[in-house]
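Visitor: Dropping the structure in here first, questions after.
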Amino acid sequence: MKTALIALALVLSALPALAQGGLKRFPATAMDAVVPDAALRDIRTGKTIKLSDYRGKVLVGVFMAAFCANTWKHDQRIEKAVADYRGRGVEFLVIHATLHEIDDDLINKARVRGLDLPMLDDKVTHELVQKIDAPCTPTFFVLDKNGVLRYKGGFDNNRDPQPVPYLRPVLEALLAGKPLPFKQTTAYGCSLRRKI
């Protein structure tokens, strides 16, 4: 017993050093605060894309996973939202942050399903996962024209027979300069396993 306690104490004392040399930590952004900029590689093109590239437009981000069935329950609704809002100053992007997934799996699945959006790689740093505090895939978030986090949660409450929309009313209110009907809702799906 004494040996086990000593071993546990040694492991626990090493954790701060491992954390300092390991994954960088980013604080979660409070609602109605500017999300600090992030620069991530688009897994389709190799280009670096920054959140600040979207300043002046409303930005919808969605954390997705190739092998999460809940992610793909939303693909047609996402494509319809892209078609309806892109011409109104709203941009969309995908964040691929699921550990142990291969980029090509998400790229190919999206291609087959007709989802043609930038796909940012956040598997290595989990920078946006941490900054948005995303619990699962899919989790949607909305930044206003100034990069302020205005919404985080689900696309809708799809578990009900007649889903209540969340994302669309948020976008309509934001574009009209009205108070948002939702700031945060429950996102449901596959747990986002984090490195930290």
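Visitor: Of everything in the stretch 138-164 that's modelled with pLDDT of 95 or more and among the β-branched types (V, I, T), which residue is farthest from G89 (Cα to Cα)?
Guide: T139
Visitor: Give just the number: which of (1) part of a loop (DSSP other than H, G, I, E, B); (2) modelled with pLDDT of 95 or more; (3) surrounded by 18 or more Cβ atoms within 10 Å (Cβ to Cβ) does P179 not satisfy?
Guide: (3)
Visitor: Which pairs have Cβ atoms under 6 Å, sit 6 or more apart or on different chains, and link a residue in the stretch 80-99 that is closer than 17 Å to F155 by Cα to one that is of a type in the set (D, E, K, R) and not in a strand (DSSP E or B)?
Guide: Correct list of pairs: E91/K57; I95/D122.
Visitor: So which helices (runs of 4 or more DSSP H) stay within the stretch 36-140 end to end and still have 1 or more residues that are touching a helix residue (DSSP H, G or I) at 6+ places or on another chain (Cβ under 6 Å) and within 20 Å of Y166 (Cβ to Cβ)?
Guide: Per the criteria, 75-85.
Visitor: For residues that are surrounded by 21 or more Cβ atoms within 10 Å (Cβ to Cβ) and of a type in the set (A, V, I, L, M), scanning just the stretch 82-98, find the one that is nearest to the chain's Cα centre (by Cα).
Guide: I95
Visitor: Give the residues of the stretch 146-174 that are surrounded by 14 or more Cβ atoms within 10 Å (Cβ to Cβ), closer than 23 Å to P36 by Cα and not hydroxyl-bearing (S, T, Y), sorted by residue number.
Guide: G147, V148, L149, R150, K152, G153, G154, L167, V170, L171, L174, listed by residue number.
The values are calculated or read from the model by the stated rules, or taken from the named source; none is laboratory data. In this text, all values refer to a predicted model and were calculated from it rather than measured experimentally. Glycine also receives a Cβ, built like all others from the backbone with ideal geometry; neighbour counts cover every protein chain displayed.
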